[in-house]
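Quick note: the coordinates plus some simple rules give every number you see, no bench work behind them. Here the structure is a predicted model, which means the values were calculated and not measured. Neighbour counts are summed over all protein chains in view; Cβ atoms, including those assigned to glycine, are modelled from backbone coordinates with ideal geometry.
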Amino acid sequence: MAEKRYRVGILGCGGIANAHARAILKTGQMDFVAFCDIDEVRAKDFNERYAQGGAKVFTDYRKMFELVEMDIVYICLPPFAHSDEVEIAAKAGVHIFIEKPIALDMETASRMVKACKENKVKSQVGFLSRHGEAVQTVKRMIESSEAGQVGLFIAWYMCNSLHSPWWRDKSKSGGQIVEQIIHTYDIARFLLGEPVSVFCHLDNLFHRHVPDYTSEDVSATSVRFKNGAVATIAGTNGAIPNKWISHWKLVMQNFTVEFENANNATLVQTNLPYTRTLNVNSDKDLFLAETLDLINAIENDVETLCPIDEGAKTLKFVLAVRESGETGKVVTIEQ
Ligand SMILES: NC(=O)c1ccc[n+]([C@@H]2O[C@H](COP(=O)([O-])OP(=O)(O)OC[C@H]3O[C@@H](n4cnc5c(N)ncnc54)[C@H](O)[C@@H]3O)[C@@H](O)[C@H]2O)c1
């Protein structure tokens, strides 16, 4: 039987959409039918670069969903620009890939989740680290009980870049925790389970002189999880210029894991009379992995690794962290 082909649209033709467009082409079974951006030049540029000018170009996503039939839309909008695009797509029966954070408030996120459920469309949120081979290996060890009780997760995220104007503006990006360190908080949820309470200190210490820089640039968070595990997650945008450093360490009853990144880790087994070291090393393309997982979900009617309700739960987590940082109070997360 011939492989099924998928008609694809991209909404938001900016930086990260390029990574998804390249992965889409790599599958060899997806065809671009539409590109939409409020900046028409960007949408036209994507059309030339990725579809030899053969797709339709829009500046209004409502028109795109009205006029073009598609199977999957990639929503790569900046956080502040989310509104009803998921609801419109889901009603049209279009499956959804959406970048994190899926929204900046829980009301919008809940509407998105409801629309996907009611219209039975598949969804994938861009928490690509979940697809890493090292993360997958550790996840399986936790689920099979081989790892034993999960105890402590220590992580930090460090960069030093002014990023784009919308990124620096907390009202548009949500701030560094909500826009960027959310990847680390999501991995914490993925491996340790649901958080129940958080306490965070945050501040803008390095960028007060930069006009319109309202995001925090240092943060330190302590988390308690439902299963008793604890975590500390720190972040800054004041570290080494042009280096993005993400580090995770996980201590479980039977293994201590040092992640180099989502694909590579060293696992030391600690419940034997001697130690045993296992290495997971992979060069898996995580952008391709999230797209192939979405296709698999559509073809076999199963969930993706990160359906939209997972995106909403991790959003709730980081909004609670930010609230704690802003109020100086411990915030309890209702399940
Ligand atoms: N998964 C990852 O590793 C990763 C990495 C980078 C960015 N992201 C996420 O991807 C999203 C986009 O980030 P980016 O860096 O590509 O941003 P960007 O600013 O480079 O691109 C966003 C694009 O959306 C367009 N846009 C804005 N409002 C629109 C609207 N209403 N309708 C149509 N187009 C609109 C802009 O003109 C721009 O071309 C963000 O949520 C960001 O957090 C994820």
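Remark: the chain is approximated by an ellipsoid whose semi-axes, taken from the C-alpha gyration tensor as √(5λ), come to 33, 25, 19 Å, largest first. In the chain, the longest principal axis of the Cα atoms and the axis of helix 308-327 are about 60 degrees apart.
In this rough spin-label picture, where each label sits 7 Å from Cα along the Cβ direction, the E194-N242 distance is 4.5 nm. In whole Å, how far is the Cα centre of the range 259-332 from that of the range 142-219? When both Cα centres are located, 14 Å separates them.
Within the shell of other residues whose beta carbon sits under 9 angstrom from the beta carbon of V198, the net charge comes to 0, with Lys and Arg scored +1 and Asp and Glu -1. Were the residues from Q52 through E40 laid out at 0.36 nm apart, the gain over their Cα-Cα distance would be 2.7 nm.
In vacuum, with every alpha carbon of the range 187-332 counted as one equal point scatterer, what does the Debye formula give for log10 I(q)/I(0) at q = 0.10, 0.19 Å⁻¹? Two decimals, please. Evaluating at q = 0.10, 0.19 Å⁻¹ gives log10 I(q)/I(0) of -0.50, -1.30.
Radius of gyration over Kirkwood radius for the range 1-55, both on Cα atoms: the Rg/Rh ratio is 0.99. Dipole orientation for the chain: of the candidates I16, Q253, N47, Q253 has the Cα lying most toward the positive pole (charges on Cβ; Lys, Arg +1; Asp, Glu -1).
Pairs of lysines in the range 118-275 whose Cα atoms sit within less than 29 Å of one another amount to 11, provided the residues are eight or more positions apart or on different chains. Note on the range 147-269: Cα-Cα pairs beyond 18 Å make up 53% of the total pair count.
For the chain, the longest principal axis of the Cα atoms and the long axis of helix 182-192 meet at an angle of about 60 degrees.
Between H201 and K117, the contour length at 0.36 nm per residue exceeds the alpha carbon distance by 26.6 nm. Using the empirical formula 2.2 N^0.38 Å as the baseline, the Cα radius of gyration of the range 134-208 reaches a ratio of 1.39. With R₀ set to 51 Å, the beta-carbon distance separating Q253 from L292 gives a calculated FRET efficiency near 0.95.
Quick check on the chain: helices-only [θ] at 222 nm, where DSSP H runs of length 4 and up contribute -39,500 (n - 2.57) each and the sum goes over total residues. Nearest 500, please. Here the helix-only value at 222 nm equals -10500 deg cm²/dmol.
When peptides 249-257, 273-281, 60-68 are sorted by average Cβ neighbour count within 10 Å, with the highest value leading, the order is 249-257, 60-68, 273-281.
So for the range 80-141, Kirkwood radius off the Cα pairs, Stokes-Einstein at 37 °C and 0.692 mPa s: how many µm² s⁻¹? Using the Kirkwood radius from Cα pairs, D works out to 258 µm²/s. Couplings 3J(HN,Hα) for the range 216-231, derived from phi with the Karplus relation 6.51 cos²θ - 1.76 cosθ + 1.60 (θ = phi - 60°), are 5, 10, 9, 8, 9, 10, 10, 10, 10, 9, 4, 7, x, 5, 10, 8 Hz, where x marks Gly and Pro. Positive contributions from Lys and Arg (+1) and negative ones from Asp and Glu (-1), summed over other residues with Cβ under 14 Å from the Cβ of M158, come out at -1.
Against the chain, whose longest principal axis comes from its Cα atoms, helix 106-118 is set at around 60 degrees.
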